[in-house]
Amino acid sequence: MRIGVFSDVHGNVEALEVVLKALGDEKVDCIYCLGDLVGYGPDPDQCVEKVMEAADSVIMGNHDLATIGQMSTSDFNTFARQAIDWTRGVLSSESVERLSQLPFLLVEADATWVHATPGAPDEWDYIISVIDAYYSFESFKTPLCFVGHSHVPVVFIQDENGDIAICDETEITIEEDKKYIINVGSVGQPRDGDPRASYGILDVEKRRYRLNRVIYPIKTVQEKMQKVHLPRFLIARLSTGE
Ligand code: ZN
């Protein structure tokens, strides 16, 4: 079985379409989306619709929760808050309903699937450092945990002695006696300096995980964002992926 995983679409339907096409070409058997379907980008409804249609399982993200009014935006930065306010104004009631039903965490297919952290899925902490990863490794039992949220693809590997290594290789072998926290990066708002949309593929039988990047028409998204007056900072950062 081959599983496609992506996260943090953020209303960027151009990037989403390219990723879904790539996953189709790769003939994956099932698809997981780890949340933040909306927020930042100009096409939230289309993204909700397409993700729900394509993905077998979808997880709740903090931008989804804030957009549907179930979480305060006081912890968000100014630009994120402006984008959420805009998204709230345009999102259809059907999309709100669909987002409101998303789970915060799933344990399926021998893996844990969550937007932020497996220990406290509704607290929206980030797994950036080895210390962050240490606490997260304590809180899930499956060999693999897939996350999004930081928009920076990375893999944390814990060996049988409990030691943790950070790995930025794009292709890894899943070893039997180790545990993995895998961040699949972001489809619609990458922030690791590579503006291309990001997604991962897990080959369960071959025990291989691979991160892939695909180009998408960034200018088209930027023009749409300009038209609806989304913050300039958010428009500009799509070009650099930072
Ligand atoms: Zn996000």
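The values are calculated or read from the model by the stated rules, or taken from the named source; none is laboratory data. Here the structure is a predicted model, which means the values were calculated and not measured. So basically every Cβ, Gly included, is an ideal-geometry build from the backbone, and we count neighbours across all protein chains shown. Heads up: the accessible areas ignore ligands, DNA and RNA and are worked out on the full protein's heavy atoms, side chains in. Shrake-Rupley method; radii C 1.70, N 1.55, O 1.52, S 1.80 Å.
Some observations on this one:
- Amide proton proximity set for Cys30, modelled H, under 5 Å, gap of 5+: Arg2, Gly4
- The distance between label points at Thr78 and Asp203 comes to 4.8 nm (points 7 Å beyond Cα on the Cα→Cβ vector).
- Loop-resident chymotrypsin sites (Phe, Trp or Tyr not before Pro) (DSSP state other than H, G, I, E or B) in the range 126-155 with no more than 15 further Cβ atoms inside 10 Å of their Cβ: Tyr126.
- Restricting the range 1-74 to trypsin sites (Lys or Arg not before Pro) that sit in a DSSP loop and have at most 10 other Cβ atoms within 10 Å of their own Cβ leaves Lys27.
- Spherically averaged projected area in nm², based on the convex hull that wraps the Cα atoms of the range 2-240: 11.5 nm²
- Residue-averaged [θ]222 nm for the chain, counting only DSSP H segments that reach four residues, each worth -39500 (n - 2.57): -9500 deg cm²/dmol
- Amide H contacts for Gly61 (H built 1.01 Å from N in the peptide plane; partners 5 or more residues away or on another chain; cut-off under 5 Å): Asp36, Leu37.
- Accessible area per residue for the range 2-240, computed on protein heavy atoms with a 1.4 Å probe, is 44 Å².
- Euclidean distance of C-alpha centroids, the range 171-185 and the range 66-136, integer Å: 23 Å
- Global form of the range 79-129, assessed from the alpha-carbon gyration tensor, a/c cut-off 1.5: oblate
- For the chain: relative contact order, % (alpha-carbon pairs under 8 angstrom, 6 or more apart): 23 percent
- With both labels modelled 7 Å from their Cα along Cα-to-Cβ, the Phe104 to Ala120 distance reads 1.0 nm.
- Beta bridge orientation in the range 2-240: antiparallel %, DSSP, nearest 5: 70 percent
- Within the accessible area of the chain (1.4 Å probe), percent carbon and sulfur: 48 percent
- Under 5 Å, built H, 5+ apart or other chain: amide partners of Leu144: Thr112, Tyr180
- Residues of the range 166-189 with amide N under 20 Å of a point placed 7 Å along Cα→Cβ from Ile215: 186-189
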